[in-house]
Amino acid sequence: MMLRDHAIRYGFIVLLVGLIAYFAVAADGFVSPQSAVFIFQSVAITGVLALGVTATLVVGGFDLSIGSVATSAMMAASYAMVVLEQNAIVAVIACLVIGVIVGLINGWLIVYMRVPDLLATLGMMFLLLGLQRIPTEGRSIATGMTMPDGSVANGKFSEAFLALGRHRIDFFIPNLIPVSVVVLVVLAVLIWFFLEYTRFGRMMYAVGSNERAAELAGAPVKAYKIWAYVISGVFASIGGILLAARLGRGDIASGNNLLLDAVAAALIGYAVLGAAKPNAFGTAVGAVFVGVLLQGLTMMNAPYYTQDFVKGAVLVVALVFTFALSGRGKR
Amino acid sequence: MMLRDHAIRYGFIVLLVGLIAYFAVAADGFVSPQSAVFIFQSVAITGVLALGVTATLVVGGFDLSIGSVATSAMMAASYAMVVLEQNAIVAVIACLVIGVIVGLINGWLIVYMRVPDLLATLGMMFLLLGLQRIPTEGRSIATGMTMPDGSVANGKFSEAFLALGRHRIDFFIPNLIPVSVVVLVVLAVLIWFFLEYTRFGRMMYAVGSNERAAELAGAPVKAYKIWAYVISGVFASIGGILLAARLGRGDIASGNNLLLDAVAAALIGYAVLGAAKPNAFGTAVGAVFVGVLLQGLTMMNAPYYTQDFVKGAVLVVALVFTFALSGRGKR
Amino acid sequence: MGADAVFRVEGLRKSFGQNEVLGGISLELHSGEVTVLMGANGAGKSTLVKIVSGVYSHGAGSMQLAGKAFDPQTPAEAIRAGVVTVHQNINDGVVADLDVATNLTLDRLSGKGASMLFKPRNVRREARAVADRMGLTIDLKARVADLALADRQMVAIARAMAHEPKVLILDEPTSSLSSAEADRLFSLIDRLRGHGVAILYISHRMSDIRRLADRIVSMRDGVISGAFDKKPLDYEGAVNAMLGRKIHLDRVVARSSARAVFTAEALRIAHGAKPISMTLGTGEVVAITGLVGVGKTALAETLFGVRRPLAGTMHMDGKPYAPGSAREAIAAGVFLVAKDRAASGIVGDFNIERNISLPFLKRMSGFGVIKKRAERAVARRQIDELGIVCRSEKDELSALSGGNQQKVMVARWMSQASRLFILDEPFQGVDISARRDIAAKLRASADGRATLIFVTEIDEALETADRILVMSEQTIVGEHRNADIDLDRLLAEVAGGPLNSAP
Amino acid sequence: ADRPAPFDKPGVKIALVRYLSTGDFFQAYLSGVEAQAKALGVDLRVLDSRQDAALQADMVDQAIALGVQGIIIQHGLTESMKDAAQRAVDAGIKVVAFDVNVENPKIPQIEQSDKDLAKLALEQAVKDNGESWKAGYVYVAGIAPLDRRNETWVDVKKKFSGISEVAMFGTLDNPIANSVANQARSVLQAHPDIKVMFAPYDEFAKGVKIAVDEAGLNKGIKIYSADISTSDIAAMREPDSAWAATAATNPAVVGQVSVRALAQLLAGEDPGHNVIVPPTLITQKELIDKDIKNMEDLSARLPQFAHADVAMPAWMPNPNAK
Ligand SMILES: Nc1ncnc2c1ncn2[C@@H]1O[C@H](COP(=O)(O)OP(=O)(O)OP(=O)(O)O)[C@@H](O)[C@H]1O
Ligand SMILES: Nc1ncnc2c1ncn2[C@@H]1O[C@H](COP(=O)(O)OP(=O)(O)OP(=O)(O)O)[C@@H](O)[C@H]1O
Ligand SMILES: [Mg+2]
Ligand SMILES: [Mg+2]
């Protein structure tokens, strides 16, 4: 019995450690501070999105719009700097505002209009996908681009903004840790602390488990649900900022893969420490897990399709392991 | 009250009719038998997938793997004919078998391994995305292709198979109705009848609403849930067959949007006739609705990104309308 | 009384993890007999029922049905073999999103040999037949989600009864029924008994037990602690056997209160209902009783702010009180233990500790951060106070017995001081001794607040309250001090008589 | 102007049936098509299947039903477009196809010769780095233009035995540059000895450049690619940029040529079966020397990039002429 409990709690972590050990032996250069930092960097953007969607999972919802919020924020930041020739602060604020607004609309639709969550956020996803392309009529945004009216946009990505994606902070080794990784870690700690240790987080879990009971216990259920979508929207827009800073332009992209990878990370999080529920720590571990897997496989020259395959297989196996053993919900 | 009830029941249908009327006036050539057939044909594949996913929605689940099941079936059919030089029947059976197997695995994971549905099917999605590319190492399958081992595949798509995607049946006008539309209509009627008018369908709704009560009333809940995923898998594989038959090759880049479009159709179905729950009739109408919208916008020369935007906007508005008015789930 | 045991359980054991819940149960059911199973909360009654009905698997031991080995792996198998069960949790008995007709015929739809096709008209006809046998008058097309708790329970019972079972098991079927509905149920049970069905009946209500029992089996801590079949049945012995001790009856000494805490003036809770005026004072426990559906819950919810009165005003400590939400009510010191704990009270994913602290997180945190030590201390104290049977405060609620879940709900709201403490059917599924305990706790802690309990059972009111108000047709029709009560008048008021006869 | 029939009168209707539309290349292509159509005074319908090959075939039928005189098929799959294109030809409609082989002698093929693109870039790579180096290669099989460019790469590897491909990677996960950057970082970690990255698609190249910069290897590695856009120019011009050269055709020019070839057909002239728009090699040095900052500068200072004298009979209006 004890053994099984341990298997459930630590099985996934053991799997992760085993994976790292395997790659350490099999792939040259896998074990190094740079490599570790890089894994974090590669999952920084999806990780931030995944942390946001975790908040909606906690209140029993779901947010399909995160991918397109991120790409919309990226386009907005680029538009602000390149076309409107604004500075980094304006660009960042524009993104965050978009995140808040989308979150509020999602929340409003779900809470007050009672549209089911999947539906509301799917509609929002399509909407944003179109909307983000209208100002430039489907062009990517880069310095010197020709606008639909024939004029040339001469603004530039500000250095401060680009630093968000490119600057590295000294940490024992000079120029080691990129800002995006710092952002990821800070947000992860923040949301983890928020969900686990504050009464707001606790209430959000209560809302997700039994909305009516939470309401009768005095929780402003509607406000909590809307908050969750705002958190999700803001995190997605932060992901978009990091994306823009890394790419240095506003790239026409659907963001569907961002969505799927973020959801995968959040769902893998269910299996971490046998939580069997959405949780921020698990989400962060899930994101790193996917990063380790992809980094290792790429270093071993595995083609992209085997990476999808391995990602799927490991996901399924890990989860069968957790859920079948934990036996939640049955006898 | 009466008015509101009518608004809920028929609002969406009225919207659809209004849309058709608008396009009939605004877009040349929108009203014609060919145009109608074209709309059906354009949604045949997503429609079939959407009908399948409706079955999983009915039992309270979800199937994210349908898109990749469809593309896997497409690749399998192509592989069977082009590389293994088999005939159409073998190819079709191979696809259906894949659908059944994937459905069984999904169902098994969800029912017996108790992996949450989103998670299990997301894992399956990644798995299939990789798997379908392994036999050809990521190449598209077409007659004369070079295999990884350097040999040349000389098989051909059989005429009978291609007819599934291309043959048109006379209906008043010669060569009017494509086989794929017939398949869509037949499957829609079948699944509609199954869900509404057989006891199995009713029990599936019961399972979706209260699994435990259904089980205690003696329903083989596990079997029903697995069935739902098998239906979903088989429908997705039929979608894949249609896709292969229309493309005439196993194209790795096709089918990216199938999942989201199918889900959109199924979810729009919630709003049809004020059902506020998954239902086959609604799903079919939802699929046609998206088809009408895109066809109309295309005929009015709207660029692709405005189509996404309009699709999202209409979806949101239609659903707010239904759910906000119907007040389901509210005391 | 046939001596032939249709159904026999021998040496049945069951453990959840380390925790042995059934320690070798042996039991016989005879056809044409009602066997009442008594046991304190958490004794293992429902666990036994779930094993018999194929929901749980069991450890050692065996079962026999009509002489043949019986070991159902699924509920479907048990039903097919003729063992039909109405489970304790009502929400496990009905599918809320479907209509009444489908719910009444649910088992037929899933059974073997039923017609493949689902013809709404046929289903409705079958459902009508099922409903008629129970004397149900619910609209067959109504969605079960829109029904009151009692009606849902009746739907679940009616479906089970329609089966012509060999063995019928009823796990606390009357806990949310009115006495009229319970009477209907009893006469049906009589009829089935006459037809030779073996019935296992679980209840904490002595009135049910007196009315129905042919035999009584008492259970304590997972073992049989007594069996009584000599007429007349030794009810007291059975209770003592289930508790392992004698319970002593303290008569309620009615107190009266000097200072008003809460007043309602001309409150109207339903269209066409007469207004309600009342005053609740510190230190007193007031019970409001009345039949199911007379508006008790509606009144409770109005006082708690989740429902708006149509007219009238309320005051707390002399200040106007018009809560717009549960949150505002709680802030004003008004607490409610809601009815239907599964839907309205319990947070299933939370353990005991977190369930208890839920409404008071703000008071247990600094700068929004929860003080976990304080939270645990409160939970431990409450577990102790109310005698909640559990391993620790970290137990999930789903691992508790029904009665203990109810105690957690009461414990939650007793963990902090209130000004007006409302309890809607607080004794649902609570065993006799626990009921006394809770009542005693309520009375003992009543100082400094007004306590208002809503109960359908008049006995419960008599055991707990200083003052009893009677409700009928969404208003209050009578008031009694709980000392030398005129029971006839009270009963007449409950039945709705005086409203018509006396002006 | 003295234009041959049917362009002597307004009211000619043509359709552009697209398979791919998302991205700068396709946007620029469309603008070229629009510009030439406007210059010719024809009514253009755009039917966009958004990467749905089956739908694209239907859209050809739809165009036929709309009564257009000419159709440009832009990308797609041979198998799904062959029959549809034949139906259009049968209906008496003139058809040209860009970057999709519809196996029809009546249909001119407009091409931006992917093999030549790859060849130009790789020749430059050999010129810059000699005949012996370790290479990383970005490739996703199954995408037609990438497959064609791959053939050239395979040939080059055969020809120069000193060139060794130590890593092959690639993905089309959106946003592509971001996903490729992640992969390229891993590859660079595993193979720090890579000297040349061949990324024959500018999205790939952008990803590789991000990775090279992040790894701080931009002085030791050179990137060769295909395609160009304004943001690519900016990336190549960055100080110490690893992105050495790219080979590209101007998508807008390809769009113009597509319309012109179709117009020739409609006017009864023969543009030839293979209408090839020649690619241009663009090097980092050139961009800096000529101070080219965006696509306009590129067109202005590299005339061979701005305009291709392909399918350009005397009567044809030049949309670039001011
Ligand atoms: N799923 C479970 N996991 C762990 N323990 C459980 C589970 N279900 C019940 N128990 C424990 O088994 C014991 C018996 O519970 P059971 O529900 O059978 O009691 P009961 O006699 O029906 O009580 P009540 O009168 O309150 O309904 C309790 O101590 C309970 O905590
Ligand atoms: N959501 C609702 N929709 C329609 N009628 C309702 C609703 N809720 C309650 N009612 C009706 O209002 C009346 C009062 O209901 P309420 O639940 O307050 O009764 P009660 O006396 O508390 O009964 P119980 O003993 O079941 O708690 C009943 O006739 C009930 O059927
Ligand atoms: Mg019980
Ligand atoms: Mg009540």
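For the stretch A:89-114, heavy-atom accessible area (probe 1.4 Å) falls by no less than 10 Å² from the chain alone to the full protein assembly at A:LEU109, A:MET113, A:ARG114. What the phi angles of the stretch B:11-25 give under the Karplus curve with 6.51, -1.76 and 1.60, with θ = phi - 60°, is a coupling list of x, 5, 4, 4, 4, 4, 4, x, 4, 4, 4, 4, 5, 4, 7 Hz, glycine and proline written as x. Shown for A:ILE173: label points 7 Å from Cα along the beta-carbon vector, and their distances to the equivalent points in the other copies, 6.7 nm in ascending order. The longest stretch of chain B left intact once loop-based GluC sites (Glu not before Pro) with at most 14 other Cβ atoms within 10 Å are removed from consideration, loops following DSSP, is B:138-331.
Roughly how much accessible area, to the nearest 100 Å², goes out of reach of solvent when B and A pair up, both sides summed, probe 1.4 Å? Chains B and A together bury roughly 4200 Å² of accessible area. Computed with a 1.4 Å probe on the full set of protein chains, the accessible area for C:MET116 sits at about 110 Å². Within a straight-line Cα-Cα reach of under 16 Å, D:LYS13 can be paired with the following lysines, leaving aside sequence neighbours fewer than 8 residues apart in one chain: D:LYS38, D:LYS94. Going by Cα centres, the stretch D:49-105 and the stretch B:209-236 are how many Å apart? Between the Cα centres of the stretch D:49-105 and the stretch B:209-236 lies a distance of 45 Å. Among chain A residues, the beta-carbon with the smallest distance to the axis carrying A onto B is reported, with distance in whole Å, as A:ASN256, 3.
Within the full protein context, the accessible area of D:TRP315 is estimated at about 50 Å² for a probe radius of 1.4 Å.
Annotation note: chymotrypsin sites (Phe, Trp or Tyr not before Pro) in the stretch A:80-177 located in DSSP loop regions with a Cβ neighbour count of at most 11 within 10 Å are A:PHE172. Per-residue SASA remark: D:ASP52, around 50 Å² accessible (1.4 Å probe; ligands, DNA and RNA not included). Taking only the Cα atoms of the stretch D:201-277, the radius of gyration and Dmax are 17.9, 58 Å.
By its C-alpha gyration tensor, with a ≥ b ≥ c as the square roots of the eigenvalues, how is the stretch D:188-322 shaped: rounded for a/c under 1.5, else prolate for a/b larger than b/c, else oblate? Working shown, then result.
Working: a/c = 3.75, a/b = 2.28, b/c = 1.65.
Cα axes put the stretch D:188-322 in the prolate bin.
In the stretch D:76-217, the portion of solvent-accessible area held by carbon and sulfur atoms comes to 48 percent [1.4 Å probe, whole percent, DNA, RNA and ligands not counted].
A loss of 30 Å² or more of accessible area (1.4 Å probe, protein heavy atoms, ligands and nucleic acids excluded) relative to the isolated chain is seen in these residues of the stretch D:47-61: D:ASP48, D:ARG50, D:GLN51, D:ALA54, D:LEU55, D:ASP58. Considering every pair of different Cα atoms, what Kirkwood radius, in Å, is found for the stretch C:403-446? Taking the inverse mean of 1/r over all distinct Cα pairs, the stretch C:403-446 comes out at 10.7 Å.
Working from Cα pairs under 8 Å separated by at least six residues, relative contact order for chain A is 34 percent. Over both sides of the A-D contact, add up the buried accessible area with a 1.4 Å probe and give it to the nearest 100 Å². Adding both sides of the contact gives about 3000 Å². Rounded to the nearest whole angstrom, the semi-axes of the ellipsoid equivalent to chain C, taken from the Cα gyration tensor as √(5λ), stand at 38, 27, 23, largest first. Of D:THR283, D:THR249, D:THR230, which has the largest mean-square fluctuation in a 10 Å C-alpha GNM of chain D? Of D:THR283, D:THR249, D:THR230, the most mobile in the Gaussian network model is D:THR230. Remark on the stretch A:243-275: accessible area falls by at least 40 square angstrom from chain-alone to full-complex state for A:ARG246, A:LEU247, A:ARG249, A:ASN257, A:LEU260, A:LEU267, probe 1.4 angstrom.
Taking all Cα pairs closer than 8 Å and separated by 6 or more residues, the relative contact order of chain D comes to 19 percent. Solvent-accessible surface of protein heavy atoms, probed at 1.4 angstrom with all chains present, puts A:LEU64, A:LEU104 in the order A:LEU104, A:LEU64, largest first. The chymotrypsin sites (Phe, Trp or Tyr not before Pro) of the stretch A:269-320 include none that DSSP puts in a loop with a beta carbon having at most 11 other beta carbons within 10 Å. Take B:MET147, push a point 7 Å out from Cα through the beta-carbon direction, and compare it with the same point in every other copy: 5.7 nm, smallest first.
Of interest is the spacing of the C-alpha centroids, which for the stretch A:46-102 and the stretch D:227-246 amounts to 28 Å. Within straight-line reach of C:LYS141, meaning a Cα separation under 23 Å, sit the following lysines at least 8 residues removed in sequence or on another chain: B:LYS277, B:LYS330, C:LYS119. For the cross-link pairs C:LYS166/C:LYS231; D:LYS119/D:LYS222; C:LYS68/C:LYS166; A:LYS225/C:LYS362, the ones whose C-alpha atoms lie over 20 Å apart are C:LYS166/C:LYS231. The C-A contact accounts for roughly 2400 square angstrom of buried accessible surface, both chains included, probe 1.4 angstrom. Across all directions, the shadow cast by the convex hull of the protein assembly as shown built on its C-alpha atoms averages 57.4 square nanometres.
Here the accessible area of the stretch C:76-139 is 52 percent carbon and sulfur, with a 1.4 angstrom probe and all protein chains present. Label-point spacing for A:VAL14 across the identical copies (point 7 Å from Cα in the Cβ direction), in nm and ascending order: 6.2. Normalised per residue, the accessible area of the protein assembly as shown is 36 Å², obtained with a 1.4 Å probe and no contribution from ligands, DNA or RNA.
Amide H to amide H distances under 5 Å link A:LEU176 with A:ILE169, A:ASP170, A:PHE171, where only residues 5 or more positions off or on other chains count and H is placed in the peptide plane. For chymotrypsin sites (Phe, Trp or Tyr not before Pro), the sites in the stretch C:312-402 that DSSP calls loop and that have at most 10 other Cβ atoms within 10 Å are C:PHE367.
Does the stretch C:5-243 come out rounded, prolate or oblate, given a ≥ b ≥ c as the square roots of the eigenvalues of its C-alpha gyration tensor, rounded meaning a/c under 1.5 and, failing that, prolate meaning a/b above b/c? Prolate.
Taking all protein chains together, D:ARG148, B:ARG249 sort by accessible area into D:ARG148, B:ARG249, largest first [probe 1.4 Å].
Return the carbon/sulfur percentage of the accessible area of chain B, one whole number, probe 1.4 Å, all protein chains in place.
Summing carbon and sulfur atoms, their accessible area is 68 percent of the total for chain B.
Under a 5 Å amide H cut-off, with hydrogens placed 1.01 Å from N, B:THR198 pairs with C:PHE118 among residues at least 5 apart or on other chains. The listed residues B:TYR22, D:TYR224, B:TYR79, once ranked by accessible area (1.4 Å probe) with the largest placed first, stand as B:TYR22, B:TYR79, D:TYR224.
The values are calculated or read from the model by the stated rules, or taken from the named source; none is laboratory data. Everything quoted here is computed from the prediction, not taken from an experiment. With ideal geometry, Cβ positions are generated from the backbone for all residues, glycine too; neighbour counts draw on all protein chains shown. Note: areas computed on protein heavy atoms with side chains; ligands, DNA, RNA excluded. Shrake-Rupley method; radii C 1.70, N 1.55, O 1.52, S 1.80 Å.
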